[in-house]
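J.: Take a look at the following structure, please.
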Amino acid sequence: MELRNLPTGAAAPLASLVTCHAGQVSSMSLLRGGLEAGLSATLFAFAAGESVSEERYGGDTLYLCVEGSMVVTWPDGGRAALGTGDALRVPAGEGHAVEGAGGPFKMLQVTVPAD
């Protein structure tokens with residue numbers, strides 16, 4: 001397993017590594033070979049109005065809002081708002097959805113294998 005798509009030699013803002021495109025969700029994996037171990041780290045850019053419908057993962061998932069603002073929602077009506085720099089853990093197996101809070105946003109999603 002190795003890191004990929006990250007700057008070397010000089011630092012860069014994490015949000016600058018992925019770009020929002022109208023009408024779509026863009027993503028970039030930051031790990032090579034992680035899925036075989038159940039580990040993923042992906043940087044996403046959501047255009048205004050884009051979202052991800054309900055999903056669930058086999059391991060705990062970290063959401064880090066790197067630009068803009070976003071909302072994580074649960075089927076029972078629960079909501080967690082995140083702004084730039086905010087982090088949230090969603091426990092393994094818990095259904096949830098991700099959407100913007102009024103405009104484009106960027107997030108880092110890291111899912112770790114279940115124990």
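The values are calculated or read from the model by the stated rules, or taken from the named source; none is laboratory data. As the structure is a prediction and not an experimental result, all values here were calculated from the model. No Cβ is skipped: glycine too gets one built from the backbone with ideal geometry, and neighbour counts run over all protein chains shown.
J.: For residues that are in a loop (DSSP other than H, G, I, E, B) and of a type in the set (A, V, I, L, M), scanning just the range 1-14, find the one that is nearest to Gly68 (Cα to Cα). Spell out how you get there, then give the answer.
T.: So in the range 1-14, the residues in a loop (DSSP other than H, G, I, E, B) come out as 1, 4-13.
Then keep just the ones that are of a type in the set (A, V, I, L, M); that gives 1, 6, 10-12.
Numbers: Met1: 30, Leu6: 21, Ala10: 24, Ala11: 21, Ala12: 18 Å.
Checking each candidate, the answer is Ala12.
J.: Being over 17 Å from Val112 (Cβ atoms), touching an Asp or Glu at 6+ places or on another chain (Cβ under 8 Å) and either of a type in the set (Phe, Trp, Tyr) or surrounded by 12 or more Cβ atoms within 10 Å (Cβ to Cβ) (or both), is that true of even one residue in the range 4-22? Don't jump to the end; show me each part of the working.
T.: Going residue by residue through the range 4-22, those that are over 17 Å from Val112 (Cβ atoms) are 4-22.
Going one step further and asking which of them are touching an Asp or Glu at 6+ places or on another chain (Cβ under 8 Å), we end up with 15.
This time we only want the ones that are either of a type in the set (Phe, Trp, Tyr) or surrounded by 12 or more Cβ atoms within 10 Å (Cβ to Cβ) (or both), so: 15.
For the range 4-22, residues over 17 Å from Val112 (Cβ atoms), touching an Asp or Glu at 6+ places or on another chain (Cβ under 8 Å) and either of a type in the set (Phe, Trp, Tyr) or surrounded by 12 or more Cβ atoms within 10 Å (Cβ to Cβ) (or both): present.
J.: Next question, about the same structure. Residues being more than 18 Å from Thr111 (Cα to Cα), outside any loop (DSSP other than H, G, I, E, B) and touching a residue at least 60 places away in the same chain (Cβ under 8 Å): count how many of those fall in the range 15-53.
T.: 2
J.: If you take the residues of the range 23-53 that are more than 20 Å from Cys65 (Cβ to Cβ) and surrounded by fewer than 13 Cβ atoms within 10 Å (Cβ to Cβ), which of them is modelled with the highest pLDDT?
T.: My answer is Gly23.
J.: Related question: Which one of the conditions (1) exposed (fewer than 15 other Cβ atoms within 10 Å of the Cβ); (2) part of a strand (DSSP E or B); (3) not small (Gly, Ala, Ser) does Tyr63 fail to meet, given that it meets all the rest?
T.: Among (1) exposed (fewer than 15 other Cβ atoms within 10 Å of the Cβ); (2) part of a strand (DSSP E or B); (3) not small (Gly, Ala, Ser), the lone unmet condition for Tyr63 is (1).
J.: Applying the selection to the range 45-64, what residues are of a type in the set (A, V, I, L, M, F, W, C), within 11 Å of Glu99 (Cβ to Cβ) and more than 13 Å from the chain's Cα centre (by Cα)? I'd like the intermediate steps shown before the answer.
T.: Restricting attention to the range 45-64, the residues satisfying the condition of being of a type in the set (A, V, I, L, M, F, W, C) are 45-48, 52, 62, 64.
Right, trim to within 11 Å of Glu99 (Cβ to Cβ) and you get 46, 48, 52.
Ala48, the sole residue that qualifies.
J.: Does any residue in the range 65-76 that is under 21 Å from Ala41 (Cβ atoms) come within less than 7 Å, Cβ to Cβ, of a residue that is among the aromatic types (Phe, Trp, Tyr) and outside any loop (DSSP other than H, G, I, E, B) six or more places away or on a different chain, and which pairs are these?
T.: Cys65/Phe105; Glu67/Phe105; Gly68/Phe105; Met70/Phe105; Val72/Tyr63
J.: Oh, and also: Just to be sure I understand, how many residues within the range 72-90 are modelled with pLDDT of 95 or more and part of a loop (DSSP other than H, G, I, E, B)?
T.: Total meeting the criteria: 3.
J.: Let me ask something additional. Any residue in the range 67-80 that is exposed (fewer than 13 other Cβ atoms within 10 Å of the Cβ) and within 24 Å of Leu31 (Cα to Cα)?
T.: no
J.: What is the residue count in the range 4-14 for residues that are in contact (Cβ under 8 Å) with a residue 12 or more places away in the chain and more than 25 Å from Gly100 (Cβ to Cβ)?
T.: The total comes to 1.
J.: Being more than 13 Å from the chain's Cα centre (by Cα) and either small (Gly, Ala, Ser) or surrounded by 14 or more Cβ atoms within 10 Å (Cβ to Cβ) (or both) narrows it down to one residue among Ala101, Ala97, Ala87; which is it? Reasoning before the result, please.
T.: Details: Ala97 fails: more than 13 Å from the chain's Cα centre (by Cα); Ala87 fails: more than 13 Å from the chain's Cα centre (by Cα).
Step by step, each of Ala101, Ala97, Ala87 is checked, and only Ala101 is more than 13 Å from the chain's Cα centre (by Cα) and either small (Gly, Ala, Ser) or surrounded by 14 or more Cβ atoms within 10 Å (Cβ to Cβ) (or both).
J.: Please find, within the range 79-107, the residue that is nearest to Glu55 (Cα to Cα) out of those that are charged (D, E, K, R) and without any contact (Cβ under 8 Å) to a residue 40 or more places away in the chain. Write out each step before concluding.
T.: Kept after step one, since they are charged (D, E, K, R), are these residues of the range 79-107: 79, 86, 89, 94, 99, 106.
Then drop every residue that is not without any contact (Cβ under 8 Å) to a residue 40 or more places away in the chain, which leaves 79, 86, 89, 94.
Numbers: Arg79: 15, Asp86: 21, Arg89: 14, Glu94: 8 Å.
In this case the residue turns out to be Glu94.
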